[in-house]
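Trainee: I'd like to ask you about the structure that follows.
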């Protein structure tokens, strides 16, 4: 089985909603890294030297390759990544090898056969 890693940078207020959307689209789990910081085209606003920006979370989803595009598109829609600037971004990274995923391969076997 071949895996891909979806890395999503999202507003912390949307983390749970995006995790639910990923699971609904076929993801079997997610790792969340809290309190990330980032900056887009426009610099963050400051007030008396303090940066005024929303907190971000980084979501790491190791997903089966055939399901990855569907999951990416679904979390993008739910997170409104293209509709509202600054709400988030997600990318897919190819995974060459992985260990500790035997339980996922057993779960995904039937699902992937249906997709193919």
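Trainee: Expressed as a whole number of Å, what is the distance separating the alpha-carbon centroids of the range 10-24 and the range 74-99?
Mentor: Centre-to-centre distance over Cα atoms comes out at 11 Å.
Trainee: Here's a follow-up. Provide the packing ranking of 19-28, 57-66, 95-104, i.e. peptides ordered by the mean count of other C-beta atoms within 10 Å per residue, highest first.
Mentor: Order by mean packing, descending: 57-66, 19-28, 95-104.
Trainee: Run the numbers for residue 105 and residue 73: contour at 0.36 nm per residue of separation, minus the present Cα-Cα distance, in nm.
Mentor: Here the segment from residue 105 to residue 73 would lengthen by 9.3 nm.
Values in this text are rule-based calculations from the coordinates and carry no lab data. Keep in mind that what you see is a predicted model, and the values were worked out from it rather than measured. Quick reminder, even Gly has a Cβ in these numbers, built from the backbone with ideal geometry, and neighbours come from all protein chains shown.
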